[in-house]
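Reading through the structure tokens given below for one structure.
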Amino acid sequence: MQKVAITGFGFMGGMHAQIYNALPNSELVGIVDTNADKAKANLQKLGLSVPVFSSIQELIKNVAVDIIDVCLPTDLHKAAALEAVAAGKHLFCEKPLSLNAADGLAIVEAAEKAGVMM
């Protein structure tokens, strides 16, 4: 069972949450979003109940997680992705990975160095 958390719980984060909820070998264990009230309301609309955290660091301190799914606006992907892989978490990142090749390469190299999948 893979424990998954989503960072960024807008439209696409909600879509991903529904998919993880339907997959037999995944468990949604947390959401990271700076607007906790809105994230909690969206979870309730989807019939899901998982904790909401304000940062990736807070998530990692409080729940066991294997994969962090980045569903933030593209300009925020690099920072979140680097934070996830630095913590040794596997990465799923909504497309596009980055706004430029240098940032995309930095994410890929960091994941390779950390030995995590992306």
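The values are calculated or read from the model by the stated rules, or taken from the named source; none is laboratory data. Everything numeric here is computed off the predicted structure, so don't read it as measured data. Calculation scope for accessible area: heavy atoms of the full protein, side chains included, ligands and nucleic acids excluded. Shrake-Rupley method; radii C 1.70, N 1.55, O 1.52, S 1.80 Å.
Direction-averaged projected area, Cα convex hull, the range 69-118: 2.7 nm², rounded to one decimal. Here the chain has 56 percent of its accessible surface on carbon and sulfur atoms, given a 1.4 Å probe and all protein chains in place.
For the range 5-70, what class follows from the C-alpha gyration tensor (a ≥ b ≥ c being the square roots of its eigenvalues): rounded when a/c is under 1.5, otherwise prolate if a/b is larger than b/c, else oblate?
Details: a/c = 1.62, a/b = 1.06, b/c = 1.54.
Because a/c hits 1.5 or more and a/b fails to exceed b/c, the range 5-70 counts as oblate.
Per residue, the chain exposes 55 Å² of solvent-accessible protein surface, assessed with a 1.4 angstrom probe and all protein chains in place. Straight-line reach from Lys38: which lysines have a Cα under 28 Å away, not including same-chain ones fewer than 8 places off? Answer for Lys38, where 28 Å is the Cα cut-off: Lys3, Lys61, Lys78, Lys89, Lys95, listed by chain and number. With N counted as the residues of the chain, its alpha-carbon radius of gyration over 2.2 N^0.38 Å works out to 0.99.
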